[in-house]
Amino acid sequence: MNKQGHIQKPTLNPLITILTKGLTTLQGDEWATHRRIINPAFHLEKLKGMIPVFVNSSAVLIEKWKKTIAPGGTLEVDIWPEFQELTGDMISRTAFGSSYEEGNEILKFQKELQNLVMETMQSLYIPGLRITSMLRALIEGKEEMMKKREANEDNLLSLLSQSNNENNPQVTTSQTSKYHMTMDEIIEECKQFYLAGHETTSSWDNDPDAEVISHLKIVNMILHEVLRLYPPVIALYQHAHKESKIGNLNIQAGVDLVLPILLVNRDPELWGDDAEYFKPKRFF
């Protein structure tokens, strides 16, 4: 939160680290190293390149719904599990270059593990931990393809694998120790993105591309308003390890800081008396 490192993430419940030890849980230099390696995967041009995958995955879901409706009939659909499956498919294809079947198996075990952790069940055998061996196999397969120059090096898994590849021409000897991830660290980052992407963002005649989407003003207004009312992350937490000052505010060591995104997004002083209502025109 500040360059001096006086304010950092609070200490997490150890059970949370079973779910992931990725970017959102790391601190200091370790966080900076992981962020430097991962960041190129989210450059705007690479994100634009993912749109065809999003369109294809969405089209498959729509066709699936069409086939379940009789001509002239109607159908009530439970959107939540359908959209979880949709976002899982998108993450598998765009971030890891894997098939839907591979991604679905990983998500199944990740969900199983998440449920056990959330229920704080203590057990020597946690079925969800099978995700580690599956991800290891996926990563090793990606590294083998990269050695043969058969893999698309634009996705997240390729970038992570490059950091673990001693023969990677993009990483010099002097950089190897500084910008390097072990196999276990790559696995944790994969778990992080499967968990975060799957749980937080479960959303014309021609297929839309980045240029078309940027001009869909009403669609963008609706998306912004949905995210205002239902943000994927409802709060951010920090802990002051040393006495600090932010603006005119003095913060004593030991103080926990909370940015309540959900409450800020519904604050009448910022959004008006109708802050609780769905009004996309706010973003016109």
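The values are calculated or read from the model by the stated rules, or taken from the named source; none is laboratory data. In this text the structure is predicted, and so the values were computed from the model without any measurement. Cβ coordinates were reconstructed from backbone atoms using ideal geometry, including for glycine residues, and neighbour counts include every protein chain displayed.
Among residues that are assigned to a helix (DSSP H, G or I) and touching a helix residue (DSSP H, G or I) at 6+ places or on another chain (Cβ under 8 Å), residue 37 is included.
Does residue 257 fit the bill of being closer than 29 Å to residue 24 by Cα, out of contact with any strand residue (DSSP E or B) (no Cβ under 7 Å at 6 or more places or on another chain) and outside the structural domain of residue 54 (by TED's automatic domain parsing)? Taking the combined requirement at face value, the residue does not satisfy it. Does residue 7 satisfy being in contact with a strand residue (DSSP E or B) (Cβ under 7 Å, 6 or more places away or on another chain) and at pLDDT 70 or above? In short, yes.
Take the residues of segment 74-97 that are of a type in the set (D, E, K, R) and part of a helix (DSSP H, G or I): which is modelled with the highest pLDDT? If you could, list the steps in order and put the result at the bottom.
Taking segment 74-97 as the starting set, the residues that turn out to be of a type in the set (D, E, K, R) are 76, 78, 82, 85, 89, 93.
Subsequent filtering for residues that are part of a helix (DSSP H, G or I) retains 82, 85, 89, 93.
Details: 82: 88, 85: 82, 89: 82, 93: 79.
Filtering first and then ranking leaves 82.
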